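Encoded as structure tokens, the structure appears first; notes follow it.
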Amino acid sequence: MSTHDGVYLFCAIHEKEPKKFGSVQLNGKKGGVYTIHFENVAMVVSKVTGDVLPTRPNLMAHQQKITEVMKQYTVIPMSFGNVFHSKNDVLLIMEHLNEEFENLFSQLDNKMEVGLKVIPKKEWINEEMKKNPLLLQWKTSNKDMENPATFYDQIQVGEQAQNFILHLEEQAAEEIFEPLLEIAEAGKLNKTIPGKTLLNAAFLIDTSHEELFDKKVNELFEIWKDKVEFKYSGPWPAYNFVNIVLRIEGKL
């Protein structure tokens, strides 16, 4: 690990006055959390020694500090692990991205991100499989693994199984994601684990619509509760709706 001193970035906020946000422990060392300013934007930072590696304590510290700042401000979250050599480097990136930051603040003001994962119940998956003759035959038959023909059966069944899971994911997207997207400001479908997660979605919602969105989630759960489990979480920093590359000349 590098041992140079640096400035670690958590998030950007709209603030002209210097602010402090307690302390944070990164790389096992405690440091104060404060702001660096350019025009109307402030970057919430802390001094660190060395690169900040993605250990569990560091990851939790990053998330918890941004969540703490969120209680008072609209935040533009920085991805984990951004360390700059000096305050001047931070100011350079803030100047370069100032217009982008201002645009993002206008988009994210009074907005929050929530997440929804849809986990299929094993019993329901099994019942759905019974509707496919090939999958049912394969599931219930005695398979001779030494028979060369079995290899080709596996390929055919593999394709059928893939299409089976894809169909269920498309159904979840159409019947769960799309109705929620009508209420949200924006939505994003993230990668799923085939057979384990039917839907892994993030939504950006206006805080004035939070109650309406929660109600819709509950209504959809009532429809799907015999088939799946819902994992509904948030509010989160808007990671899924912010894409900022922090780069100064010749350096990341």
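Go through segment 33-53 and give me each residue that's over 15 Å from Gly81 (Cα atoms) and within 27 Å of the chain's Cα centre (by Cα).
Within segment 33-53, the subset over 15 Å from Gly81 (Cα atoms) is 33-42.
Val33, Tyr34, Thr35, Ile36, Val41, Ala42, listed by residue number.
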What number of residues within segment 1-17 satisfy the criterion of being out of contact with any helix residue (DSSP H, G or I) (no Cβ under 6 Å at 6 or more places or on another chain) and either touching a residue at least 24 places away in the same chain (Cβ under 8 Å) or part of a strand (DSSP E or B) (or both)?
11
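Among the candidates Leu204, Leu212, Leu166, single out the residue that is modelled with pLDDT of 90 or more, out of contact with any Leu (no Cβ under 7 Å at 6 or more places or on another chain) and more than 25 Å from Phe80 (Cα to Cα).
Values: Leu204 fails: more than 25 Å from Phe80 (Cα to Cα); Leu166 fails: modelled with pLDDT of 90 or more.
None of the others qualify; the one that does is Leu212.
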Residue check: is Glu68 open to solvent by 80 Å² or more (accessible area, probe 1.4 Å) and not assigned by the TED database to the domain that holds Lys227?
no
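Residue-wise test of (1) closer than 23 Å to Thr67 by Cβ; (2) at pLDDT below 95; (3) surrounded by fewer than 18 Cβ atoms within 10 Å (Cβ to Cβ).
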| site | (1), (2), (3) |
| --- | --- |
| Ala184 | yes, yes, no |
| Lys188 | yes, yes, yes |
| Lys191 | no, yes, yes |
| Leu198 | no, yes, no |
| Lys225 | no, yes, yes |
| Val228 | no, yes, no |
| Ser233 | yes, yes, yes |
| Phe241 | yes, yes, no |
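The values are calculated or read from the model by the stated rules, or taken from the named source; none is laboratory data. Computed from a prediction, not measured in an experiment: that's the story for all the values here. Cβ coordinates were reconstructed from backbone atoms using ideal geometry, including for glycine residues, and neighbour counts include every protein chain displayed. In case anyone asks, the SASA skips ligands and DNA or RNA and just uses the protein heavy atoms, side chains included. Shrake-Rupley method; radii C 1.70, N 1.55, O 1.52, S 1.80 Å.
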